[in-house]
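Engineer: Sharing a structure, written as structure tokens. Questions coming.
The values are calculated or read from the model by the stated rules, or taken from the named source; none is laboratory data. Since the structure is predicted, the reported quantities are computational estimates derived from the model, not experimental observations. For neighbour counting, all protein chains shown are included, and Cβ atoms are generated from backbone atoms with ideal geometry for every residue, glycine included. Side chains included, ligands, DNA and RNA excluded: accessible areas come from the protein's heavy atoms. Shrake-Rupley method; radii C 1.70, N 1.55, O 1.52, S 1.80 Å.
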Amino acid sequence: MVLGAWRRRKGARHAGNKHPGNSEDELVIPNHFRCPISLDLMKDPVTLSSGITYDRESIETWLEAGNFMCPATNQILRNFDQIPNHTLRKMIQEWCVENQNYGVERIPTPRTPVTPVEVSEICFAVKASAMHLEQLRCLEFVEKIERWGAESERNRRCIVANGAAAALASAFDAFANDSVERNYKVLEEILSALNWMFPIDEEAQNFLGSSASLRCIVWFLRCRDIILPKQNSIIALKELLSCDQQLVDKLSEIEGINEILVEFVRKQISQAITKASIIVIFHMVSSSNEKSKLAFVKMGFVSSLLEIIFESEKSICERALGVFDELCSCKEGREEAQSNALTVPVLVKKILRVSELATVFSISAILKLCKYGRRDEGRVLVEALQVGAFQKLLLAIQVGCGDETKEKATELLKLLNPYRAGLECIESVDFKNLKRSF
């Protein structure tokens, strides 16, 4: 088989030929049009200091892997400059046009990739315009960065590697400190640009995690009716809290943040917003601040989580179970969970059914309800046995789980064992007949 060949079936070559032929023509790519690395037709040929021409994407992958030699000649490269070979590219384009009948499409003229110098210059311009609160000028620079990023993944890597995130975050902080209402357009655009730069460096985190920046992000969550700004804002919060748990206290002080997050989860505006919101809540309730847990419990979030755990797909279910487990760490959370008829059946059902992480959270939550729940403790244990918890826990230990989860499962089995006499496992739980508290 010839690599990179295009085929077409011959039809009748002459007007009077009524019987098309069955043989195939084969079009072979000229060797000097092929990239020496991929052996495919080059779309963006560039020449190295060794004099050999490669397709840009292939040679960049080679160099980024830490190679310092020319793949074809094994010469050590004097520099890593990639000079566009316009002559060869035009020849390839002409060849494509000449062979369109074979199904060959003309390769588009590639855009010149952005350089580190260009990125550094525009970052300086972004900072300068933000310092003087020149909204329209800064907006123009941010949009240019976004256009560069949209052109190629290579551009995105170059933009991120040369400090764009810190420059944009500093501009965001400057405009947020001035006036969110007056500067919302440029602030919205900066969040959009930052969305594909996460995770960001420490300098950018400090700017984006300032009190003014956090209040601005929450303002977008509360005031903007368009989904995309809300999505960019909640994703920014998620990434910030994932990098710096200390920001939880700052965020918790902003009025209305808990209500906004709960509303996002309940309404499920979009999957991305729902996931990010649950992760933000997880970070908030995982902190040592017990007030956060209590606040979410009082808003009836325990029942909302159970509904999400029961109905949602894997990734959302995992995150919701994590939040549920954390809420069961407080007395009020356990009481809310115990009063809901779905709690034990749903938690037991999720063991070994969703993922290893979901199993960890489910076992942990059940243990908290059985061990620390003072109200109707025996009822919870009996209910767990009736829906098959004992068998599920034994199986979890046998198939293998983490040491901490294994200890919890073993402890839970000891609590359940005295109640086993006379109880039979309900093989199939009919959730429809269970009383739903929501």
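Condition check ((1) over 21 Å from the mean Cα position of the chain (by Cα); (2) buried (at least 18 other Cβ atoms within 10 Å of the Cβ); (3) among the acidic types (Asp, Glu)) across all residues:
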residue: ILE278; (1), (2), (3): no, yes, no
residue: MET299; (1), (2), (3): yes, no, no
residue: ASN340; (1), (2), (3): yes, yes, no
residue: PRO345; (1), (2), (3): yes, yes, no
residue: VAL354; (1), (2), (3): no, yes, no
residue: ALA365; (1), (2), (3): yes, yes, no
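To keep it simple, each residue is scored yes or no on (1) in a helix (DSSP H, G or I); (2) within 18 Å of LYS349 (Cα to Cα).
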| residue | (1), (2) |
| --- | --- |
| GLY378 | yes, no |
| GLU383 | yes, yes |
| LYS392 | yes, yes |
| LEU395 | yes, yes |
| GLN398 | yes, yes |
| CYS401 | no, yes |
| GLU407 | yes, no |
| GLU411 | yes, no |
| LEU415 | yes, no |
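Engineer: Further question: If only one of CYS96, CYS70 is hydrophobic (A, V, I, L, M, F, W, C) and touching a Gly at 6+ places or on another chain (Cβ under 9 Å), which one is it?
Structural biologist: On inspection, the qualifying residue turns out to be CYS70.
Engineer: I want to confirm something. Restricting to region 83-107 and keeping residues that are in contact (Cβ under 8 Å) with a residue 60 or more places away in the chain and not hydrophobic (A, V, I, L, M, F, W, C), which single residue is least open to solvent (accessible area, probe 1.4 Å)?
Structural biologist: Across region 83-107, the extreme among qualifying residues is ASN99.
Engineer: Another question, then. Six or more apart or on different chains, Cβ atoms under 8 Å: show the pairs whose first residue is in region 387-403 and in contact (Cβ under 8 Å) with a residue 40 or more places away in the chain and whose second is buried (at least 20 other Cβ atoms within 10 Å of the Cβ) and assigned to a loop (DSSP other than H, G, I, E, B).
Structural biologist: ALA389/ILE351; LYS392/ILE351; LEU393/ILE351; ALA396/ILE351
Engineer: Would you call LYS371 surrounded by 20 or more Cβ atoms within 10 Å (Cβ to Cβ) and modelled with pLDDT under 90?
Structural biologist: no
Engineer: Still on this structure, please answer the following. Restricting to region 44-54, what's the tally of residues that are open to solvent by 40 Å² or more (accessible area, probe 1.4 Å) and either among the β-branched types (Val, Ile, Thr) or touching a strand residue (DSSP E or B) at 6+ places or on another chain (Cβ under 6 Å) (or both)?
Structural biologist: 1
Engineer: Can you tell me which condition GLU140 does not meet? The list is (1) open to solvent by 30 Å² or more (accessible area, probe 1.4 Å); (2) of a type outside the set (Phe, Trp, Tyr); (3) within 26 Å of LEU251 (Cβ to Cβ); (4) over 23 Å from the mean Cα position of the chain (by Cα), and all the others hold.
Structural biologist: Looking at each condition in turn, GLU140 falls short on (3).
Engineer: Of all residues in region 108-123 being out of contact with any Lys or Arg (no Cβ under 9 Å at 6 or more places or on another chain) and not hydrophobic (A, V, I, L, M, F, W, C), which is surrounded by the fewest Cβ atoms within 10 Å (Cβ to Cβ)?
Structural biologist: THR112
Engineer: Follow-up. Suppose the filter is touching a residue at least 12 places away in the same chain (Cβ under 8 Å), open to solvent by 20 Å² or more (accessible area, probe 1.4 Å) and closer than 20 Å to CYS138 by Cα; does ASN183 pass it?
Structural biologist: So ASN183 does not fit the description; no.
Engineer: Could you identify the single residue in ILE59, ILE92 that is in a helix (DSSP H, G or I) and in contact with a helix residue (DSSP H, G or I) (Cβ under 7 Å, 6 or more places away or on another chain)?
Structural biologist: On inspection, the qualifying residue turns out to be ILE92.
Engineer: Of the residues ILE260, ILE226, which single one is β-branched (Val, Ile, Thr), at pLDDT below 90 and surrounded by fewer than 23 Cβ atoms within 10 Å (Cβ to Cβ)?
Structural biologist: ILE226
Engineer: Another one. Would you please list the contacts, defined by Cβ atoms under 7 Å and residues six or more apart or on different chains, that run from a residue in region 283-296 that is within 16 Å of ARG334 (Cβ to Cβ) to a residue that is part of a helix (DSSP H, G or I) and of a type in the set (D, E, K, R)?
Structural biologist: VAL285/LYS293; VAL285/GLU326; LYS293/GLU326; LEU294/GLU332
Engineer: Okay, moving on. Please find, within region 301-334, the residue that is nearest to SER286 (Cα to Cα) out of those that are modelled with pLDDT of 90 or more, of a type in the set (Asp, Glu) and open to solvent by 20 Å² or more (accessible area, probe 1.4 Å).
Structural biologist: Going through the qualifying residues, I end up with GLU326.
Engineer: Additional query: Pairs, please: C-beta under 8 Å, at least 6 apart or cross-chain, first residue within 18 Å of LEU412 (Cα to Cα) and assigned to a loop (DSSP other than H, G, I, E, B) and in region 342-357, second open to solvent by 10 Å² or more (accessible area, probe 1.4 Å) and not hydroxyl-bearing (Ser, Thr, Tyr)?
Structural biologist: What qualifies is ILE351/LYS392; LEU352/LYS392; LEU352/LEU395; LEU352/VAL399.
Engineer: Still on this structure: If you go through region 201-223 one residue at a time, how many are assigned to a helix (DSSP H, G or I), among the polar types (S, T, N, Q) and open to solvent by 10 Å² or more (accessible area, probe 1.4 Å)?
Structural biologist: Selection size over region 201-223: 3.
Engineer: Ok, one more. Restricting the search to region 55-81, which residues are over 16 Å from ARG154 (Cα atoms) and either crowded, with 16+ Cβ neighbours inside 10 Å or not small (Gly, Ala, Ser) (or both)?
Structural biologist: ASN67, PHE68, MET69, CYS70, PRO71, THR73, ASN74, GLN75, ILE76, LEU77, ARG78, ASN79
Engineer: Cβ-Cβ under 9 Å, sequence separation 6+ or interchain: first residue in region 164-176 and under 22 Å from THR115 (Cβ atoms) and at pLDDT 95 or above, partner surrounded by fewer than 24 Cβ atoms within 10 Å (Cβ to Cβ) and among the hydroxyl-bearing types (Ser, Thr, Tyr). Which pairs?
Structural biologist: ALA171/SER129
Engineer: From GLU188, GLU134, GLU153, GLU140, which residue is among the acidic types (Asp, Glu), over 30 Å from GLU60 (Cβ atoms) and free of Cβ contacts under 8 Å to residues at least 12 places away in the same chain?
Structural biologist: Going through GLU188, GLU134, GLU153, GLU140 in turn, the sole match is GLU134.
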